[in-house]
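Please treat every number below as a calculation from the coordinates, not as lab data. This one's a predicted model, so the numbers in the text were calculated from it and none came from an experiment. Glycine gets a Cβ as well: all are built from the backbone with ideal geometry, and neighbour counts include every protein chain shown.
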Amino acid sequence: MGQPIIELEDVVKNYRQGHVEVPALRGLSLEVAKGEFVAICGPSGSGKTTALNLIGALDAPTSGTVRVEGNDLAKLSRTRLSNLRRDRIGFVFQAYNLIPVLTAYENAESVLALKGVDAATRRRRVMDLLAEVGLEGLEHRRPDHLSGGQQQRVAIARAIAADPAVVLADEPTANVDSETAEKLLDIMQKLNAERGVTFVFSTHDPRVMDHARRLIRLVDGRVESDEQRS
Amino acid sequence: MKGPNLAKMAWRNMWRNRRRTLVTLSGIVFGVLLAVLFTGLGDSTYSNMINMAARLGGGHVSLQHPEALERGEAPKRSIAGVARKVRLALADPEVTRARVRITGHTMLAAGGQSRGAAFIAFDPAAEDASTLSILEALQQGRSFERSDERGIIIGHKLADHLGVRLGRKVVYTLTDRSGEIVTGLARVRGIIRTGADSVDSGICLLPIDAVRGVMGYGPDEATRVAVFIKDQRRSDRVAARLGARLRGAVAVTWFERQPELAGFISMKVTSTLFFELIIAILVAAGIFNTLFVSVMERLREFGIMMAIGFSPGRLFRLVMWESLWVGLVGIVMAAVATAWPYHYFHTRGIDMSAMVSKGGAEVAGIGIEPVMYVSIYPENAVFIAVAAVAATLVAGLYPAWRAGRVAPVESIKLV
């Protein structure tokens, strides 16, 4: 394994439900290297989404250490965490989660604009990406005029537009049909192969697991198995 | 500035729930409409009252004896060199007219009846109703033809008390500069009816040179120069300028001479402001409600935006842009919606005669016109517009802050 860009060391995460503490992760440790195509799977409640939230700096662990590209997330301010998410992490959510008032083009462009990339570069890059995910001609449509699969493609374009170190995808195929799921996975695999983008999925979907080159299985907030695949 | 165009995003967000936005905008329109009409009514009414008071004898600024304000007007408190003072006043760019007058109190007697009254002695060649409002209330007879004419114009109630009518003789008794009692004889040339009881039963007009002769004043001597200016709100500035250049006299504003009227107007203006503040609070509460609900409905969206790199400050600015758009669009719609009612009440006025008693209404001796017109000062209109936008911005502060405080993971979980 190359230099890890994601490191989780003995991470514990408990949630409060009323007066009860519910453990989601119970000492999770794992590393992901640059360029990997990793699927984290496991039954509901095993801690997949929690792990992704912690890696994406969307949440903080109860104890343990989460590092992205060597940065200990616990030591970063809100603003620096926001900058880290903007510059180094791409997100693909189960429910697409595009900004509804922005067009497909503007959604994909938004992260580049946040980074301060100039307009000409943004245009060139976003148009290339939208073509790459098969959305040529649909740039000016808003999310409510796109199908679920098309929205997820915009989300993928948005996630990789800013050249992130890693793309975190939470159940990215959960809301699309099989054919669309295959196409999305092909797109992400191609981006991984050609651009070297690191992908980490949380998934139940056997199709995603089939495409993954590394499969981490979580049970009760711990790694049950970690399997490299050809 | 880097980042997505927040103004454009906010504009689109504003129209996501069109009906709710229109309800909010209608609140602004209604609030601004009320504020403009009430303020315009006040501006017009109070300005008319002040101008009316000025035309009742003293002008907007009165050049008078230094002790006249504090110790009262008296024949011995006259000012000399009034022609030069008139020239000095007219040299001021804000002064439109300056008229010489002698004012004081007299005792009128006729046919065994007598009555005390205030008098205004004026030059009929220089004055008309535009500087001496009582003249426009001339119900019978005419004004004087010469300044040394032996004539008198009296209020109709005063005439009734004295039992005189046009052409009858009246004896007026004054004191001269040395305190000696002197008398003059005049025939009734005109009878006035203003509707203000204090005027109709307590004021008479005399020709200035006739009074000078009776009181022993010189031809360039009077008790005041009544100065009229373009905008009554600048009375204090004009008075200060003229006062600095006067010798043997002081420049006194209308509100120093008539503190009851100034107090009444000040109280009314304050109550209008208070009323407008309540409107602003109600409008702001409506806007706050809309923005807050809109933010709470979009917590998940804000969480996603934070996840992809929007900072809390950027989300704060986004919601503030939304409130700014609501304010600006509200003002534009309010301007359109207010135009016709404003024009109507500006040209036709509101007829209050049914609410005014037969004797007419007056404040501090100043008659109030039964038809009230709406005419707002431009700066007050600007103030209302700015206040409405400011209210929307203030209303947006908490929702905007709340948007910036969204915890991404918590909001993303809200599926």
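Please list, by residue number, every one of the chymotrypsin sites (Phe, Trp or Tyr not before Pro) in segment A:71-180 that is coil in DSSP and has at most 15 other beta-carbon atoms within 10 Å.
none
Within a 10 angstrom radius of the beta carbon, how do B:70, A:179 rank from fewest other beta carbons to most?
Ranked by crowding around the Cβ, least crowded first: B:70, A:179.
In whole angstrom, note down how far apart the Cα centers of segment A:122-137 and segment A:35-83 are.
Using only Cα atoms, the two centres lie 29 Å from each other.
Would you mind working out the magnitude of the charge dipole of chain A relative to its Cα centre, with +1 at each Lys and Arg C-beta and -1 at each Asp and Glu C-beta, to the nearest 20 Debye?
580 debye
Which order do B:14, B:333 fall in if you start with the one that has the fewest other Cβ atoms within 10 Å?
B:333, B:14
With the crude spin-label approximation of a point 7 Å out along Cα→Cβ, what separation in nm comes out for residue B:80 versus residue B:240?
3.2 nm
Just want the ordering: A:171, A:9, from fewest to most Cβ atoms lying within 10 Å of their own Cβ.
Going from least to most buried by this count: A:9, A:171.
By how many nm would the segment from residue A:220 to residue A:123 grow when fully extended, if each residue of separation counts as 0.36 nm and the alpha-carbon distance is taken off?
Extra length available between residue A:220 and residue A:123 comes to 30.4 nm.
Over all Cα pairs of segment A:150-210, how is the pair count split among 5 Å bins, expressed in % and running from 0 up to the last occupied bin?
Distribution as computed: 4, 18, 34, 28, 13, 3 percent.
Please give the Cα centre distance for segment B:244-280 versus segment A:140-162, rounded to the nearest Å.
So the two Cα centres are separated by 64 Å.
Just the ratio, please: alpha-carbon radius of gyration of chain B over 2.2 N^0.38 Å, N its number of residues.
My calculation over the Cα atoms of chain B gives 1.40.
Tell me the mean residue ellipticity at 222 nm calculated for chain B from its helices only (DSSP H runs of n ≥ 4, each -39500 (n - 2.57), averaged over every residue, nearest 500).
Calculated from helices alone, the mean residue ellipticity at 222 nm is -16500 deg cm²/dmol.
Give me the Debye-computed log₁₀ of I(q)/I(0) at q = 0.13, 0.14 Å⁻¹ for chain A, equal point scatterers on Cα only, no solvent, two decimals.
-0.75, -0.87
Dipole of segment B:66-248 (Lys/Arg Cβ +1, Asp/Glu Cβ -1, origin at the Cα centre): which of B:194, B:80, B:95 lies farthest to the positive side?
About the Cα centre, the residue reaching furthest to the positive side is B:95.
Can you compute the charge dipole magnitude of the protein assembly as shown about its Cα centre, using +1 on each Lys and Arg Cβ and -1 on each Asp and Glu Cβ, nothing else charged? Give it in debye, rounded to the nearest 20.
Taking the Cα centre of the protein assembly as shown as origin, the dipole is about 1580 debye.
Inside 10 Å of the C-beta atoms of B:299-308, what's the mean count of C-beta atoms belonging to other chains?
For peptide B:299-308, the averaged partner shielding equals 6.
Placing one identical point scatterer on every Cα of the protein assembly as shown and ignoring solvent, what is log10 I(q)/I(0) from the Debye formula at q = 0.09, 0.10, 0.12 Å⁻¹?
Log-scaled intensity ratios, in q order: -0.78, -0.89, -1.14.
Given the convex hull over the Cα atoms of segment B:66-248, what projected area results after averaging over all orientations, in nm²?
With every direction weighted equally, the projected area is 10.3 nm².
Using only alpha carbon pairs under 8 Å that are at least six residues apart, calculate the relative contact order of segment B:66-248 and give it in whole percent.
Value for segment B:66-248: 33 percent.
Write out the trypsin sites (Lys or Arg not before Pro) in segment B:1-30 meeting two conditions: DSSP loop, and at most 14 other Cβ atoms within 10 Å of their Cβ.
Loop-located and lightly packed - B:2, B:16.
On a full-extension model of 0.36 nm per residue, what is the gain between residue B:328 and residue B:281, subtracting their alpha-carbon distance, rounded to one decimal in nm?
Between residue B:328 and residue B:281, full extension yields 15.2 nm more.
Over chain A, what is the percentage of antiparallel beta bridges among all DSSP beta bridges, to the nearest 5?
60 percent
For the protein assembly as shown, with the dipole built from +1 on Lys and Arg beta-carbon atoms and -1 on Asp and Glu ones, taken about the Cα centre, which of A:175, B:295, A:66 lies farthest toward the positive end?
Farthest towards the positive pole: B:295.
Of all DSSP beta bridges in the protein assembly as shown, what percent run antiparallel (nearest 5)?
Looking only at bridges with both residues in the protein assembly as shown, the antiparallel portion is about 70 percent.
In terms of modelled amide H atoms, which long-range or inter-chain residues lie less than 5 Å from the amide H of residue B:119?
Answer set, sorted by chain and number: B:104, B:105, B:106, B:204.
Looking at segment B:97-187, which chymotrypsin sites (Phe, Trp or Tyr not before Pro) are DSSP coil and have at most 13 other C-beta atoms within 10 Å of their C-beta?
none
When the label point is put 7 Å from the Cα of residue A:9 along its Cα-to-beta-carbon vector, which residues of segment A:15-29 have a backbone N closer than 16 Å?
Only A:27-29 pass the distance filter.
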